[in-house]
Amino acid sequence: MQPLIQVEHLVKCYSGRNVPGDGEVGPALNDVSFSVAPGRTLALVGESGSGKSTLALCLAGLERPTSGRINFGGHDIVALDEKQLRAVRPQIQLVFQDPVSSLNPRFTALEILTEPLIVQRRGGRNERRERALTLLECVGLSREMADRGTGELSGGQRQRLAIARALSLAPKVLILDEALSALDCSVQAQIANLLMELQSSFALTYLFITHDLVMAAHLSDEIAVMDRGRVVEQGVPEKVLRAPEHEATRRLMAAVPGSNVTPRLPRAL
């Protein structure tokens, strides 16, 4: 199966970023390479500062890499100009950790879901409204919530709304940047199950960015461990978790209470 996303030797440097101890400028991403097949989930796992979120922004076209390639749908998005990127961005959507900061508090749920459609000039008013109401149902929210503001929703409901907004433009890829970590355990499990259902229904490809190996194992087909801007270990969850080879992976394993991690069952190709 051909990859939907193929990252090759990606480097991202920020001015003034120092490598501890040597005083030299170091990259946030350093020669990162991986691929993701359509309809699959790759978990990018690492501690804070490992480069996960920088990688997410580069993949979404919101940051320009210093060098390397990001092949998506037959195009190297690193080489695209701003006008060409605007055509690609709707196909790669981000869901962030904190829905409070990513959702406009002055908007109703309906306005939040129709705004991307208005910006992209998709459909008429009635079509946009009906799509928004359908998306609410897709993420487990009732149509009656359409006129509620985000302040009237629970944390789990707000994250469901953020996922619905990410789906409004019918993307091929969702980048889930610590999208479950701000939720309590019971709500995490509900949203994780929702994500798996949506992936099956809409043939979505996921990049699941987290520091949580338990959730990574549950949701992903493959895990890539990041440390100091590099992918230091990669493989199916069972292999990575049962026989971790890199110190960064072992540190993440040590942070798991009881180290009771159950990998997701593999899916047929």
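The values are calculated or read from the model by the stated rules, or taken from the named source; none is laboratory data. Quick caveat, the model's predicted, so the values are computed rather than measured. Note that we place each Cβ from the backbone using ideal geometry, even for glycine, and neighbour counts take in every protein chain shown.
A few comments on the model shown:
- Pairs meeting the criteria (first residue in the stretch 60-76 and free of Cβ contacts under 8 Å to residues at least 12 places away in the same chain and in a strand (DSSP E or B), second residue surrounded by 13 or more Cβ atoms within 10 Å (Cβ to Cβ) and of a type in the set (Lys, Arg), beta carbons under 8 Å, at least 6 apart or on different chains) are Asp76/Arg69.
- Residue that is modelled with the lowest pLDDT, among those in the stretch 24-59 that are charged (D, E, K, R) and either closer than 21 Å to Ala170 by Cβ or assigned to a loop (DSSP other than H, G, I, E, B) (or both): Glu24
- In this structure, Val32 does not satisfy being within 15 Å of the chain's Cα centre (by Cα) and buried (at least 23 other Cβ atoms within 10 Å of the Cβ).
- Just one of the listed residues (Arg122, Arg89, Arg131) is surrounded by 16 or more Cβ atoms within 10 Å (Cβ to Cβ) and within 21 Å of Cys58 (Cα to Cα), and it is Arg89.
- Within the stretch 193-218, the set of residues being of a type in the set (Phe, Trp, Tyr) and not in a strand (DSSP E or B) comprises just one member, Phe202.
- Selection count where residues are buried (at least 19 other Cβ atoms within 10 Å of the Cβ), more than 25 Å from Ala203 (Cβ to Cβ) and in contact (Cβ under 8 Å) with a residue 40 or more places away in the chain, scope the stretch 154-189: 1
- Only one entry of Leu136, Leu110 meets the criterion of being modelled with pLDDT of 95 or more, under 21 Å from the mean Cα position of the chain (by Cα) and more than 18 Å from Ile175 (Cα to Cα), and that entry is Leu136.
- Scan of the stretch 219-242 for residues that are outside any strand (DSSP E or B) and either of a type in the set (S, T, N, Q) or at pLDDT 90 or above (or both), ordered by number: Leu219, Ser220, Asp221, Arg228, Gly229, Val236, Pro237, Glu238, Lys239, Val240
- Of the residues making up the stretch 102-122, not a single one is among the β-branched types (Val, Ile, Thr) and touching a residue at least 60 places away in the same chain (Cβ under 8 Å).
- When the criteria are applied in full, Gly156 fails the requirement of being in a helix (DSSP H, G or I), on the phi > 0 side of the Ramachandran plot and at pLDDT below 95.
- Positions within the stretch 83-99 being part of a helix (DSSP H, G or I) and closer than 16 Å to Ala166 by Cβ, in sequence order: Val88, Arg89, Pro90, Gln91, Pro99
- Some residue of the stretch 62-74 being acidic (Asp, Glu) and at pLDDT below 95: yes
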